[in-house]
Every structure is written in structure tokens, then in C-alpha cells.
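Trainee: Can you keep this structure in mind? I'll have questions shortly.
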Amino acid sequence: MKKIFLILLLAVLSYPTIACDICGCGVGSYYLGILPEYNKRFIGLRYQHKTLMTHLGPFGERTAITSDETYQTAEIWGGWNISKKFRILAFVPYNFNERTAQTGNGTKEGLGDIAVMGYYNLFSTRHTVSNKLLVQSLWVGAGVKAPTGKYEPSERELSSESPNNFQLGTASTDFTLNAAYDVRLMDLGVNINANYKINTTNKYDYRYGNKLTANALAYYKFRFFKKLTVAPNAGVLYETSQQDTEDNKYTVDVSGGHVLSLIGGLETNFGRFSAGANYQDVASQHLANNRVKAGNRLMVHFSVAF
């Protein structure tokens, strides 16, 4: 089974990309990280805060038309273990976009693109190694994102030199391939998630580039009073996107790229209740031929198992 996991992970990570819809555009973030503790079902709320600088100069410098954009998302999300082998995750985002620039400010608010992901458990094992419990699990699956968020083609028509990020949705039905692996020796563990998003062309003949999101987190669970679990975690997040295309043939220069971020976070669980937060610090990036720069990000969540 370990060989199967390695083959799947390498297949996803080696998919050809043209190193961008890393931030914004109403598509939300496909970062999962460590899921809340639950046996059957959970429902919760996630909040994400992301920033972006666009209209940078050819060497990444600020110019008179540089804009500062903020993307905030309040997202209802939940999970359901239908059986020991099948799991469903769902995400319903509500987006708040804000843009500040000398050429004019703007805001957008509304429902984003709803996504559903299904997972199948390839294996789950529990055995002892040197009198210590070793637990492993590998889930793989696929998902779909519906075009429920509002897309305004006029944003793209205003300037061909502007990234098409300031949207609530993509107006396209898109698909994801997912893998989640967790291994834990007693209370010390590693969590790995990979998501590859396959975008389609929307009715305005615009297609966002396919995107890969992968993260690895190391964590340790401290247990108190038999009910409270506190798990600090740290790791890396890598995102890369192909360039967008329009009119089914033209490549959008101000798109595509990659971002590598360092993650630090904390997850807590008390009975049926879970809460957590993480901060993503950008370590390196190359977005839209240096015409876009992503800022650091924050995510917090709260959930209830039932």
C-alpha cells in the first residue's frame, strides 16, 4: 500500500504545469490541512484572509496603477463519513473582495463557487512498532466545483494587462483530483494533502489555468484531562497554476505561477468541538510574470461533530 501512495503522490506532483489564480477569483482555497476530529459528521465555519498586489511593474515594483486587493471568505464546510470506506466534504463560500488603487476603489460581496469532494479509503492500518502505536490512512477521490459565484466579464474587458482575479466565481464547472495521507506514531504525526484542479472554459470563452495545491504538516497531539487535545503543527504549502487562456487560443500573460509558503498553526479539540488557526507566510513566489505579488494569509475555523 505504501507503494500505491508513493505512485499516486508522484503522479500528482509531476503533472506538467506552467508555473494564477493562487489568490482571489472566488474559487476559495483548496488547502485542507488537518481535518477536525469526528467519527460520523461535522459542520463548521472557516474564515480566510488573503491579500494580493496587482498591476506591478515589469520587475515587480509598485507603479502608479498598482492596486492592493483583499480577499476574505466566510465558508460553511462539513464532512460526512458515509461508511468506513467513503467520505464526502462540502464547501459553501461567501466572499468579500476589496480593491484599493489610485485609479479607483472597488468592492464585491456574494456567494462563491460551491464545491463537493468525495474520498475513498484505500487503506487504514493500526499496529505497534517497538511497543508504540502506528496509525496510517490514505484517502483518494475526486470532486466538482459548481459555477454558483457571480462572474463579471467586464473585469477582463477593462484591461488585458490586468489579472482576472477580482471575481466572486469563475462561471465554469471544474473538477478536482484529491489525495490525503496521514501517518502517526503515538502522538507525533505527519499529514499530507494534494489537490489538482481541472478547469473548464466558461461561457465567456475564458479558462482559468489548472492548479495544483499540495501541503505537508508535522504535528504533535498534547492531551489534557482526557478530553482536551491541543496539536501545534508546522509545514509547507506549495501552489502552482498554469496560465489562463481566452477565446480558446490566446494565453493570458498576467496569469500562472507558483507560491511556496511556510505554515504554522494550532488545532484543538474538546469533545464534539474543534477549533484551529494557521498562518501562511510566503517564502517564495513567481506570479503572472512578476506582475502580481501574493501576501501572507490567515485561516481560522470552528466545527462541531455530530
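The values are calculated or read from the model by the stated rules, or taken from the named source; none is laboratory data. Predicted model only: the values in this text are computed from it and were never measured. Cβ atoms come from the backbone with ideal geometry, glycine included; neighbour counts cover every protein chain shown.
Trainee: Those residues that are under 22 Å from TYR151 (Cβ atoms) and of a type outside the set (Ser, Thr, Tyr), I need them from region 196-214; list them, please.
Mentor: Once the filter is applied, which keeps residues that are under 22 Å from TYR151 (Cβ atoms) and of a type outside the set (Ser, Thr, Tyr), region 196-214 yields LYS197, ILE198, ASN199, ASN202, LYS203, ASP205, ARG207, GLY209, ASN210, LYS211.
Trainee: Now for a separate question. Looking at region 16-57, which of its residues are modelled with pLDDT under 90 and polar (S, T, N, Q)?
Mentor: THR17, SER29, ASN39, THR54
Trainee: Can you name every residue in region 115-145 that is of a type in the set (Val, Ile, Thr) and over 30 Å from THR201 (Cβ atoms)?
Mentor: THR125, THR128, VAL129, VAL135
Trainee: Pick out, from region 136-227, the strands (runs of 3 or more DSSP E) lying fully within it that include 2 or more residues that are hydroxyl-bearing (Ser, Thr, Tyr) and either more than 15 Å from the chain's Cα centre (by Cα) or at pLDDT below 95 (or both). Lay out the reasoning, then the answer.
Mentor: Values: elements: 174-185, 188-198, 211-220, 222-224.
It comes to 211-220.
Trainee: Please enumerate the residues belonging to region 92-133 that are small (Gly, Ala, Ser), within 24 Å of LEU177 (Cβ to Cβ), under 23 Å from the mean Cα position of the chain (by Cα) and in a strand (DSSP E or B).
Mentor: Narrowing region 92-133 to residues small (Gly, Ala, Ser): 101, 104, 106, 110, 112, 115, 118, 124, 130.
Imposing the further condition that a residue be within 24 Å of LEU177 (Cβ to Cβ) reduces the set to 112, 115, 118, 124.
Adding the requirement that they be under 23 Å from the mean Cα position of the chain (by Cα) leaves 112, 115, 118.
Listed by number, the residues that qualify are ALA115, GLY118.
Trainee: Among the numbered conditions (1) touching a strand residue (DSSP E or B) at 6+ places or on another chain (Cβ under 7 Å); (2) within 30 Å of LEU56 (Cα to Cα); (3) of a type in the set (Phe, Trp, Tyr), tell me where TYR204 comes up short.
Mentor: With (1) touching a strand residue (DSSP E or B) at 6+ places or on another chain (Cβ under 7 Å); (2) within 30 Å of LEU56 (Cα to Cα); (3) of a type in the set (Phe, Trp, Tyr) applied to TYR204, the lone miss is (1).
Trainee: Just one of the numbered conditions (1) closer than 23 Å to VAL254 by Cα; (2) out of contact with any Pro (no Cβ under 6 Å at 6 or more places or on another chain); (3) surrounded by 20 or more Cβ atoms within 10 Å (Cβ to Cβ) is not true of THR54; which one?
Mentor: Only one criterion is unmet by THR54, namely (2).
Trainee: Another question about this same structure. Exactly one condition in (1) surrounded by 15 or more Cβ atoms within 10 Å (Cβ to Cβ); (2) in contact with a Ser or Thr (Cβ under 6 Å, 6 or more places away or on another chain); (3) at pLDDT 85 or above; (4) not polar (S, T, N, Q) is not met by LEU89; state its number.
Mentor: (2)
Trainee: Taking the residues in region 141-196 that are of a type in the set (A, V, I, L, M, F, W, C) and crowded, with 20+ Cβ neighbours inside 10 Å as candidates, determine which candidate is nearest to ASN215 (Cα to Cα).
Mentor: Initial filter on region 141-196 (of a type in the set (A, V, I, L, M, F, W, C)): 142, 144, 146, 158, 166, 168, 171, 175, 177, 179-180, 183, 185-186, 188, 190, 192, 194.
Those still in the list that are crowded, with 20+ Cβ neighbours inside 10 Å too: 166, 168, 171, 179-180, 194.
Values: PHE166: 25, LEU168: 25, ALA171: 27, ALA179: 11, ALA180: 10, ALA194: 7 Å.
Here the residue is ALA194.
Trainee: Further, regarding this structure: Report the residue count in region 258-306 for those that are in a strand (DSSP E or B) and either charged (D, E, K, R) or within 15 Å of the chain's Cα centre (by Cα) (or both).
Mentor: Taking region 258-306 as the starting set, the residues that turn out to be in a strand (DSSP E or B) are 258-270, 273-287, 292-294, 297-305.
Subsequent filtering for residues that are either charged (D, E, K, R) or within 15 Å of the chain's Cα centre (by Cα) (or both) retains 258-263, 267, 277-282, 293-294, 297-301.
Residues flagged as in a strand (DSSP E or B) and either charged (D, E, K, R) or within 15 Å of the chain's Cα centre (by Cα) (or both) within region 258-306 amount to 20.
Trainee: Another question about this same structure. What residue, of LEU138, LEU134, LEU122, LEU111, is within 30 Å of ASN81 (Cα to Cα) and touching a helix residue (DSSP H, G or I) at 6+ places or on another chain (Cβ under 6 Å)?
Mentor: Working: LEU134 fails: touching a helix residue (DSSP H, G or I) at 6+ places or on another chain (Cβ under 6 Å); LEU122 fails: touching a helix residue (DSSP H, G or I) at 6+ places or on another chain (Cβ under 6 Å); LEU111 fails: touching a helix residue (DSSP H, G or I) at 6+ places or on another chain (Cβ under 6 Å).
Matching residue, one of LEU138, LEU134, LEU122, LEU111: LEU138.
Trainee: Does region 79-86 contain at least one residue that is among the charged types (D, E, K, R), under 22 Å from LEU287 (Cα atoms), loosely packed, with under 15 Cβ neighbours inside 10 Å and more than 21 Å from the chain's Cα centre (by Cα)? Show your work before the answer.
Mentor: First, pick out the residues of region 79-86 that are among the charged types (D, E, K, R): 84-85.
Remaining after also requiring under 22 Å from LEU287 (Cα atoms): none.
Within region 79-86, none of the residues are among the charged types (D, E, K, R), under 22 Å from LEU287 (Cα atoms), loosely packed, with under 15 Cβ neighbours inside 10 Å and more than 21 Å from the chain's Cα centre (by Cα).
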